[in-house]
Protein chains: 2
Amino acid sequence: MEAQNNPGAPAYQRIASTYRGKIASGELRPGDQLPTESAIADQFGVARQTVRTGLSLLVTEGLIVARRPRGHFVREREHMLYRPQERSRPRPATPEVDRFSQQISAEGRVPSQRIEVSLVQATPDLAERLRVETGATIVARRRVRSINGEPTNINDSHFPLDIVKDSEIMSPAYVPRGTDQVLADLGHRQDRAIDEIFVRMPTPEEIHRLGLGLGTPVAVHYDTGYTADGTPVRCTVNVLPGDRHKIVFERSWHDD
Amino acid sequence: MEAQNNPGAPAYQRIASTYRGKIASGELRPGDQLPTESAIADQFGVARQTVRTGLSLLVTEGLIVARRPRGHFVREREHMLYRPQERSRPRPATPEVDRFSQQISAEGRVPSQRIEVSLVQATPDLAERLRVETGATIVARRRVRSINGEPTNINDSHFPLDIVKDSEIMSPAYVPRGTDQVLADLGHRQDRAIDEIFVRMPTPEEIHRLGLGLGTPVAVHYDTGYTADGTPVRCTVNVLPGDRHKIVFERSWHDD
DNA sequence: CAGGACACATTGTCTAGTCAATACATCAGG
DNA sequence: CCTGATGTATTGACTAGACAATGTGTCCTG
């Protein structure tokens, strides 16, 4: 399908189309180098700037990366599993899920994290989910999780101030039994959670915190936990780089 | 934080940063028009091309759109709810979910869809999920769903050929009782499903089918249904434009 | 042989223009 | 009043340069 480059389209699109095709067809494989901008310009008979416009399309699509002053290279990807249900249902995974989780435990991955606790003012999105007023003081427990030293996701949990003050949650240290258990011990056992997933391009701050390249979208996962009486007690914001994660849920038609 | 534009950075980044800030702060609101490229160029004392480079950043971030020859405008967003669980659990939504679903039924939205059924060869990703061999013939039931005439998502269901041949699923018409019920009537009642969500930039084909703008990432949702004995009988691929959807799951700690 | 200075290739940033395409407004003619 | 032609402002596409920034490798020096 659409074998030819793209007759009639602007030159920069033809150039992008050409190399997109070579990558899709496998003629150019991950890690391979593209010709230099000048070489492409000569080949297509256009100015170098036009080539740059075309290649920048592929960069924002996440297909290639520029490594100055080496050249442009086809990007290499890997997917990491992200399974929100694991934290709420510590049941044994069904065989079906196991088929998809094999990759995660392969290779000796070394997880680490940096924790930072602070009091912040609720932004409108958090205020709505925690049912407090915008600007109210809440507790933010921010983490950047890394695997093998590479930051892989942002995990910011937020709690209403009145229910967690003076608890271990306020301490910027790892809590072995888990913050959900701490909440439960404080009388706020979570019973239900709602997951909301948005997809968008990252903000400059996220690009910086996660070391993202251009052309990498992120999934933003709001995980709001409720007690049995329907009160929200926790709102966790996960930011997952799109090129490093796969989000997996499991559903059952009949209670399990 | 980082109040000033961005001293020291390249001019095109300062320009992007300036308008990104104005949008974030609310000084520029959705639908508002930015100054013309020439005006910005004059203001910053740079060439128009430099302004274009800067604004193109904001376009790929999905913050602004260009409407030739009117100018650049701050993008207006609306989020449509996407709730994979609805199809498997027709129970009444809990009050917590209702808080988030209010927007969907507001406004008289007119849904429509175009259905197309064909026999295709299984691509590697589908073959793995349906446990058939790559290249095996399977049934593809492709839909583009539209709301108010605007295509909003791609919904391609795939079935192993042997279990659906000669059934209504092969007909390119709407099946009122739903394809899941058809499968159940054929003796393949689904019992479990696995949801996998990937985030990436769209392919040119998806851009065309969904009428996407630049800077719009997509969420790709693989929904694989299994019968009680663990046999996959359906694999649905949903492609959701990131700027139009919010994906919502609900979880319960204790069976409901 | 080790280390530093330098050259080189390549991408990054930017200029000052030209011409094309397009949606909208204006205005003349019926 | 409506209709169609014409103008106009704006973005889109592109050129032919210039100079900066930066890894990599080479080569000279001690």
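The values are calculated or read from the model by the stated rules, or taken from the named source; none is laboratory data. Predicted model, so just to flag it, every value in this text is computed and none were measured. Here the Cβ is made from the backbone with ideal geometry for all residues, glycine too, and neighbour counts use every protein chain on show. Each accessible area value is taken on the protein alone, full model and side chains, heavy atoms only, with ligands, DNA and RNA left out. Shrake-Rupley method; radii C 1.70, N 1.55, O 1.52, S 1.80 Å.
Some values worked out for this structure:
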| quantity | calculated |
| --- | --- |
| For the axis carrying chain B to chain A: nearest C-beta residue of B, whole Å | B:PRO217, 2 |
| At 7 Å out from Cα toward Cβ: A:ARG70 inter-copy label distances (nm, ascending) | 4.5 |
| Cβ-derived FRET efficiency at R0 35 Å, A:ALA184 paired with B:GLU128, nearest 0.05 | 0.35 |
| Rough spin-label spacing in nm, given labels placed 7 Å along Cα→Cβ, for A:ALA47 and A:GLU168 | 6.4 |
| Number of partner chain Cβ atoms within 10 Å, mean per residue of A:53-61 | 3 |
| Average projection area in nm² (convex hull over Cα atoms of region B:164-243, one quarter of hull surface) | 6.5 |
| Average beta-carbon neighbours from other chains, 10 Å sphere, peptide A:219-226 | 4 |
| Highest to lowest packing among A:168-181, B:17-30, scored as the average C-beta count within 10 Å | B:17-30, A:168-181 |
| HN-Hα J in Hz across region B:224-235 - Karplus 6.51, -1.76, 1.60, θ = phi - 60°, x for Gly and Pro | 9, x, 10, 7, 4, 8, x, 8, x, 10, 7, 9 |
| Label-point separation, B:ARG114 to B:THR137 (7 Å along Cα→Cβ), nm | 2.6 |
| Heavy atoms of B:LYS165 accessible to a 1.4 Å probe, total area in Å² rounded to 10 | 110 |
| Computed accessible area, B:ASP32, all protein chains, 1.4 angstrom probe, square angstrom | 60 |
| Accessible area buried between chains A and B, both sides summed, probe 1.4 Å, in Å² to nearest 100 | 5400 |
| Under 19 Å from B:LYS246, Cα to Cα: lysines that are on another chain or at least 8 residues apart | A:LYS246 |
| Pair-distance profile P(r), taking every C-alpha pair of region B:11-74, with 10 angstrom steps and integer % | 24, 61, 15 |
| Backbone HN-Hα couplings from phi across region B:179-191 [Karplus 6.51/-1.76/1.60, Hz, Gly and Pro as x] | 5, 5, 5, 4, 4, 4, 5, 7, x, 10, 6, 7, 10 |
| Distances in nm from B:HIS208 to the matching label points in the other copies, shortest first (labels 7 Å along Cα to Cβ) | 4.1 |
| Karplus 3J(HN,Hα) series, Hz, for region A:135-140 with 6.51 cos²θ - 1.76 cosθ + 1.60 (x for Gly, Pro) | x, 5, 7, 10, 9, 10 |
| Accessible area per residue, Å², region A:11-74 with all protein chains present, probe 1.4 Å | 54 |
| Average partner coverage of A:175-181, which counts Cβ from other chains inside 10 Å | 0 |
| Long-range HN-HN contacts of B:ILE115 with modeled amide H, under 5 Å | none |
| Inter-copy separations for A:GLN33, label at 7 Å along Cα-Cβ, nm, ascending | 4.8 |
| Efficiency of FRET from Cβ geometry, B:THR36 and B:GLU205, R₀ 45 Å, rounded to 0.05 | 0.85 |
| Long-range HN-HN contacts of A:VAL199 with modeled amide H, under 5 Å | A:VAL220 |
